[in-house]
Amino acid sequence: MKLTTKLLAATAIVSASAASAVELEVTHWWTSGGEAAAVAKFAEAWNAAGNTWVDGAIAGSGGTARPIIISRILGGDPMGATQLNHGRQAEELIEAGMMLDLTDVAEAGGWADIVNPSSLLDSCTLDGRIYCVPVNIHSAQWLWLSHEAYEKAGQPVPSDWNEFVASAPALTEAGIVPLAMGQQGWQQNLAFGAITIAVAGTDAWREVTLNKNADVARGPEYTAVFEAVADARELARESNVQDWNQATNMVITGMAGAQLMGDWAQGEFSVAGQVEGEDYSCLPGLGLNEILDTGGDAFYFPANDDPEITAAQKELAALLISPEVQVSFNLAKGSLPVRGDIDMAAANGCMQKGLGILADGGVLPSGDQALSADTQTQIEDLMAEFWSGDMPAADAQARYADLIAAAD
Amino acid sequence: MAVVEDGTLNSAKGAKRPIRLFRNPMAKIASIPMILTAMVVFVGGTVWTIVHSFTGSRLLPKLNWVGFDQYERLWDTPRWLISISNLALYGICSLILTLTIGFILAALLDRKIRFESAFRTIFLYPFALSFVVTGLAWQWILNPDFGLQSLVQGWGWESFQFDPLNNPDIVMFGLLIAGIWQGSGLIMCIMLAGLRGIDEDIWKAARVDGIGTVKTYVRIIIPMMRPVFITSLVLIASGIIKLYDLVVAQTNGGPGISSEVPAKYVINYMFQAQNLGQGFAASTMMLCSVIIILIPWAYLEFGGRKNA
């Protein structure tokens, strides 16, 4: 009864305000607690400007939401704006003329000067025109370490990947799983990517991922990578959880020594009330190569016939990248802002480390930006097979090189 | 028989032959929507899919021909090969076990036991659940930390190990348990209806001849129930080919890619990998496998009867 009343009241408020202002439906897949809090910052700012934010949250991960979003755009029922990961996911939609050209907004706002790293804007750009607004940066190359687990094992907390591998036998003896790993292809691929950048270095990574050079993928640098990943596979043998946050929870509770996961794991530690440096540590670039990739989220605006809506879309685009909104959104989301010129003093230790690396220019484009969804899926399949079985490292390397050679 | 048929044919030729197309026009008009649906949606959709499987379509369907490239890639992909062998394993086991268990349950219920309707309801209940619920429920039952394994270990059998969902070698049997649990109730009901359709006199005659109960079932009743078995077979087979939601709910293809199935490959490559051409090629191969099984069977079943 109470819920019904609340719903009725909410509907009444929405319909009352809808009459007066431009209504934009925004679809996204930010549905966890921290994510919903972050997207509410956008909605507040947009509503404060006298417009109406119609929230179109789609439950499930990006893999569930993306097909829904894309089929709505293709089916002639476009939303006002939508989240996608910046990268190549919307490439064909842009080529088909289904996305709004934001170049004039970008020029007026001077995005070319403020967006840092500039590769974020590049991945929104097709043939010199800008089609999306980057809103945050998420990086994947983080090693999260549990202080509790290392206390139990009587070992100092490692400061890089090699020390971690060396400390693994002590963890196993103490009955702790050395490496927590969710049994899903994208997580195993993420771990592979993080180890690649740490072990092979950025030059080899760039050559393989950006230039699709299969010879380098068959070369000695990548042999070392696959051997390191095979070692990591043995360390994660006893970890049979599925979701990434279950794996993070193993680190939080001291059941596992470490996890390779993106900076969004930060949110889980905060929710559990853990303090960086006391309860857990984070090592960007696995402590070996302080370099982060710069994937993340961007907003796209499907093309629309109504000039009023088009004007509102451009207004929203400018708002999403404005300094105040960037600060409030990214603090709630735990991600890094896309502008280098704003004050993030309120961020915690791990975020500060990330900001420092960004300021020093230690950035790479993300795999999403470099490889098509097709190639990504094939590599994820390979990684899922490799991590769960006994495939020799050399076989995996050969198959990986074949996939790179066939990539477009 | 053949003579009679010839006779009717000749007499039909002799009289003014009505045009068959216009006979009973109302019924034909009424079925036009369904005919159109079948032609446009099923046949049209199938042809469209097959045509586009020879293109390099990615996110959007395009007509840029690439020949058999998609098929070559498909049959070079380990995940597809694993999917096919998984489906074959699941299909054969599920077909045999569901039929056997369904028939045995039906035969037991047919022995005029007490509380028959209560048992029938219990056995049929799993079928009322969707595959997603079935998959989730069995994921929990087979979870080593909370489910069956920890329960038996809690009873004192400390060394008991039963963890199929985390073992790539036997994960398909974890799926099989759930599939059979869900499907055998319906087959039991169909079999039971078939058994009830057998004339009591057959049983009496068998008893008079001194044939044992089991032998009566195997030698007399089962051959008489051929149409019922065919119906069950079709139901089970269609369930096997479209196996998808159970896998997604129970294992999501894991551990690794050891419980992948073809339908999941199609969906993943069409939408997640945004490679329509590859997904279409895989779904065309699924269609081919159905046709390869279906045509000889249909020939035997329908073609054979005319000659009999």
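The values are calculated or read from the model by the stated rules, or taken from the named source; none is laboratory data. Here the structure is a predicted model, which is why all the values come from computation and not from measurement. Virtual Cβ from ideal backbone geometry, glycine too; neighbours counted across all protein chains shown. The protein model used for the area step is the full one, side chains on, heavy atoms only, and it has no ligands, DNA or RNA in it. Shrake-Rupley method; radii C 1.70, N 1.55, O 1.52, S 1.80 Å.
Provide a single number: the residues in segment B:125-176 that are open to solvent by 70 Å² or more (accessible area, probe 1.4 Å) and small (Gly, Ala, Ser). Number satisfying all stated conditions: 2. In segment A:370-386, the residues that are facing chain B (nearest Cβ under 8 Å) form Cβ pairs under 7 Å with partners that are β-branched (Val, Ile, Thr), at six or more places apart or across chains, as follows: A:ASP381/B:ILE257; A:ALA384/B:ILE257; A:GLU385/B:ILE257. Taking segment A:42-148 as the region of interest, the strands (runs of 3 or more DSSP E) fully inside it that hold 1 or more residues being outside the structural domain of A:ASP243 (by TED's automatic domain parsing) and within 21 Å of A:LYS314 (Cβ to Cβ) are A:52-57, A:81-85, A:132-134.
Quick check, is A:ASP160 in contact with a strand residue (DSSP E or B) (Cβ under 9 Å, 6 or more places away or on another chain), open to solvent by 10 Å² or more (accessible area, probe 1.4 Å) and either more than 14 Å from chain B (Cβ to nearest Cβ) or among the small types (Gly, Ala, Ser) (or both)? Answer is yes for this residue.
For segment A:45-69, a residue qualifies if it is among the acidic types (Asp, Glu) and crowded, with 19+ Cβ neighbours inside 10 Å, but none of them does. Here A:ALA40 fulfils each of the conditions (1) farther than 18 Å from A:LEU120 by Cβ; (2) open to solvent by less than 10 Å² (accessible area, probe 1.4 Å) apart from (2). Of the residues making up segment A:121-131, not a single one is more than 25 Å from A:PRO284 (Cβ to Cβ), touching a residue at least 24 places away in the same chain (Cβ under 8 Å) and open to solvent by less than 10 Å² (accessible area, probe 1.4 Å).
Out of all the residues in segment A:266-290, which are of a type in the set (A, V, I, L, M) and at pLDDT 85 or above? Spell out how you get there, then give the answer.
Narrowing segment A:266-290 to residues of a type in the set (A, V, I, L, M): A:271-272, A:275, A:283, A:286, A:288.
Scanning segment A:266-290 gives A:VAL275, A:LEU283, A:LEU286, A:LEU288.
Contact map, segment B:157-174: first residue of a type in the set (Gly, Ala, Ser), second residue in a loop (DSSP other than H, G, I, E, B), Cβ cut-off under 6 Å, separation 6 or more or different chains; pairs are B:GLY174/B:LEU142.
Here A:HIS147 fulfils each of the conditions (1) in contact with a Gly (Cβ under 7 Å, 6 or more places away or on another chain); (2) farther than 30 Å from A:GLY110 by Cβ apart from (1). Among helices (runs of 4 or more DSSP H) lying entirely in segment A:302-408, which contain 2 or more residues that are acidic (Asp, Glu)? Here the list reads A:307-320, A:373-388, A:393-406.
Selection within segment A:70-87: residues that are surrounded by fewer than 23 Cβ atoms within 10 Å (Cβ to Cβ) and among the β-branched types (Val, Ile, Thr). The member of this set that is farthest from the other protein chains (Cβ to nearest Cβ) is A:ILE73. If only one of B:LYS242, B:LYS306 is surrounded by fewer than 20 Cβ atoms within 10 Å (Cβ to Cβ), away from chain A (no Cβ under 14 Å), at pLDDT below 85 and in contact with a helix residue (DSSP H, G or I) (Cβ under 7 Å, 6 or more places away or on another chain), which one is it? Of the residues listed, the single one that is surrounded by fewer than 20 Cβ atoms within 10 Å (Cβ to Cβ), away from chain A (no Cβ under 14 Å), at pLDDT below 85 and in contact with a helix residue (DSSP H, G or I) (Cβ under 7 Å, 6 or more places away or on another chain) is B:LYS242. Under the condition of being touching a strand residue (DSSP E or B) at 6+ places or on another chain (Cβ under 9 Å) and open to solvent by 20 Å² or more (accessible area, probe 1.4 Å), which residue from segment B:57-86 is farthest from the other protein chains (Cβ to nearest Cβ)? That would be B:TRP65.
The residues of segment B:133-150 that are in contact with a Phe, Trp or Tyr (Cβ under 9 Å, 6 or more places away or on another chain) and of a type outside the set (Gly, Ala, Ser), listed by number, are B:THR134, B:TRP138, B:TRP140, B:LEU142, B:PRO144, B:PHE146, B:LEU148, B:GLN149. Open to solvent by 10 Å² or more (accessible area, probe 1.4 Å) and part of a helix (DSSP H, G or I), is that true of A:GLU278? Answer is no for this residue. Listed by first and then second residue, the pairs linking a residue in segment B:254-281 that is more than 7 Å from every other protein chain (Cβ to nearest Cβ) to a residue that is β-branched (Val, Ile, Thr) and not in a helix (DSSP H, G or I), with Cβ atoms under 8 Å apart and 6 or more places separating them unless they lie on different chains, are B:SER259/B:THR251; B:GLY277/B:THR55; B:GLY277/B:VAL66. The residue of segment B:150-203 that is nearest to the other protein chains (Cβ to nearest Cβ), among those that are out of contact with any helix residue (DSSP H, G or I) (no Cβ under 8 Å at 6 or more places or on another chain) and among the charged types (D, E, K, R), is B:ASP169. In segment A:172-186, of all residues being within 9 Å of A:MET255 (Cα to Cα) and of a type outside the set (Val, Ile, Thr), the one that is farthest from the other protein chains (Cβ to nearest Cβ) corresponds to A:PRO178.
Looking at the structure I just gave you, is A:ALA396 under 22 Å from A:GLN141 (Cβ atoms) and within 8 Å of chain B (Cβ to nearest Cβ)? Judged against the criteria, A:ALA396 is not a match.
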